[in-house]
Amino acid sequence: QERGWVSESESEQRAQFFYDRGVEQFDAGHWQEALDFFEQALRTAPAYRDAHKLADVARARLESEKERRLLESKLGMLYERAEQQLAAGHWQDAYDLLQEILSLEPDYRDAHALSEKALAELIVVEERRRQTAALEALYRQGEADFRAGKWAKAVELLSQVKELDSSYFADDPRW
């Protein structure tokens, strides 16, 4: 058979057949099929043209696609868990999951916007916690002053508590 060059041996013809099929699959981005054909060409003629090089490239692209699929799967699972945590109001857990997503894939879906939302909610929760702690400290000091007979100081502190949060004494019948 003539292919623009001198007649080839049977093994070279077979290697050429497999090599050509490998190149077709390679050009189409079908890495596994390309690799299979290049390996067949190499089994037929172990040093055939650049089949080793192309097989290595196909193998690397296969591995890269596999890693990308694994990453996409991991990102999908993390994102689903983050959505669940957001829906449940578990802002810190949601934020942590979204940060992990963003460390792996900075432009993944709307993870950045959701992360900002979780952070904003965390800030609100932290501010409420601080306010509650400050109110509790004022209340405890007011109660201590009341028990110590420091009536004016107790009234001043407990009035501050009521002024800062009128619902603070909602369960206290004395107020």
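The values are calculated or read from the model by the stated rules, or taken from the named source; none is laboratory data. Every value quoted in this text rests on a predicted model; they were computed, and no experiment measured them. Reconstructed Cβ throughout: ideal geometry from the backbone, glycine too, with neighbour counts over all protein chains shown.
For a quick check of your reading of the model, give me the residue pairs whose first member lies in the stretch 154-175 and is more than 12 Å from ALA134 (Cβ to Cβ) and among the aliphatic types (A, V, I, L, M), whose second is outside any helix (DSSP H, G or I) and modelled with pLDDT of 90 or more, with beta-carbon atoms closer than 9 Å and at least 6 apart or on different chains. Short answer, once both residue conditions are applied: ALA154/ALA148.
Determine whether LEU119 is assigned to a helix (DSSP H, G or I) and closer than 30 Å to LEU97 by Cα. Yes; evaluated as a whole, the condition is true for this residue. What do you reckon, is ALA82 small (Gly, Ala, Ser), part of a helix (DSSP H, G or I) and more than 12 Å from the chain's Cα centre (by Cα)? Criteria not met by ALA82. Take ASP93 and tell me if it is of a type in the set (D, E, K, R) and either under 14 Å from the mean Cα position of the chain (by Cα) or under 30 Å from GLY29 (Cα atoms) (or both). Considered against the rule, which asks whether it is of a type in the set (D, E, K, R) and either under 14 Å from the mean Cα position of the chain (by Cα) or under 30 Å from GLY29 (Cα atoms) (or both), ASP93 comes out as yes. Inspection of the stretch 135-158 finds a residue satisfying the criterion of being surrounded by 13 or more Cβ atoms within 10 Å (Cβ to Cβ), in a helix (DSSP H, G or I) and within 40 Å of the chain's Cα centre (by Cα). Just name the residue that is nearest to TYR95 (Cα to Cα) out of those in the stretch 108-131 that are crowded, with 16+ Cβ neighbours inside 10 Å and under 13 Å from the mean Cα position of the chain (by Cα). Checked the stretch 108-131; the qualifying residue nearest to TYR95 (Cα to Cα) is SER115.
Does ALA144 count as among the small types (Gly, Ala, Ser) and closer than 30 Å to LEU164 by Cα? It is true that ALA144 is among the small types (Gly, Ala, Ser) and closer than 30 Å to LEU164 by Cα.
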